[in-house]
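Q: Below you'll find the structure I mean.
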Amino acid sequence: MKVFWSPKAKSDFENILDYLLKEWGIKEVESLIKKTDRVLNAIAQNPKMFIESSKRKNVRKGFITKHNSVFYLVKSGNKEVVLLTFWDNRQNPEKLIY
């Protein structure tokens with residue numbers, strides 16, 4: 001299955017990496033990238049493995065770390081996954097837009 005990144009997902013992920021680099025260093029950046037790769041590979045293999053969003057049909061929330069999640073859309077026929085946004089789980093969920 002193919003995984004596509006939306007412009008928002010790319011921007012969100014880059015912002016998270018920038019923050020980690022400034023506040024914590026390259027080690028944390030590398031760690032998050034590895035964990036994200038593992039989660040995205042798992043999603044590509046089994047797109048319905050994570051919980052479905054209550055806000056929107058076919059959108060699921062994948063947990064990367066206790067602080068970070070990815071919201072993604074499973075396209076009809078389960079042939080494509082589109083990453084919608086990366087989210088800091090400590091934020092107010094009412095501000096979540098995808």
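The values are calculated or read from the model by the stated rules, or taken from the named source; none is laboratory data. What you see is a predicted model, and the numbers here were worked out from it, not measured in a lab. Don't worry about glycine lacking a Cβ; one is built from the backbone with ideal geometry, like all the others, and counts go over all protein chains shown.
Q: Determine whether LYS55 is at pLDDT 95 or above and of a type in the set (Lys, Arg).
A: no
Q: Moving on to the next point. In the chain, which strands (runs of 3 or more DSSP E) lie fully inside it and hold 3 or more residues that are β-branched (Val, Ile, Thr)?
A: Qualifying strands (runs of 3 or more DSSP E): 80-88.
Q: Kindly provide the set of residues from region 1-38 that are under 21 Å from ILE97 (Cβ atoms) and of a type in the set (Val, Ile, Thr), ordered by number.
A: VAL3, ILE16, THR36 - these are the residues of region 1-38 that are under 21 Å from ILE97 (Cβ atoms) and of a type in the set (Val, Ile, Thr).
Q: Name the single residue, out of those in region 37-70 being touching a helix residue (DSSP H, G or I) at 6+ places or on another chain (Cβ under 9 Å) and charged (D, E, K, R), that is nearest to LEU17 (Cα to Cα).
A: The selected residue is ARG60.
Q: Turning to a different aspect of this structure: Please enumerate the residues belonging to region 29-58 that are over 19 Å from VAL74 (Cβ atoms) and surrounded by 15 or more Cβ atoms within 10 Å (Cβ to Cβ).
A: Answer for region 29-58, where residues must be over 19 Å from VAL74 (Cβ atoms) and surrounded by 15 or more Cβ atoms within 10 Å (Cβ to Cβ): VAL29, LEU32.
Q: Also, quick follow-up: Mind checking which residues of region 4-28 are among the aliphatic types (A, V, I, L, M) and surrounded by 11 or more Cβ atoms within 10 Å (Cβ to Cβ)?
A: The initial filter retains those residues of region 4-28 that are among the aliphatic types (A, V, I, L, M), namely 9, 16-17, 20-21, 26.
ALA9, ILE16, LEU17, LEU20, LEU21 - these are the residues of region 4-28 that are among the aliphatic types (A, V, I, L, M) and surrounded by 11 or more Cβ atoms within 10 Å (Cβ to Cβ).
Q: Residues of region 59-83 being surrounded by fewer than 19 Cβ atoms within 10 Å (Cβ to Cβ), in contact (Cβ under 8 Å) with a residue 40 or more places away in the chain and not β-branched (Val, Ile, Thr), which ones?
A: ASN78, LYS79, GLU80
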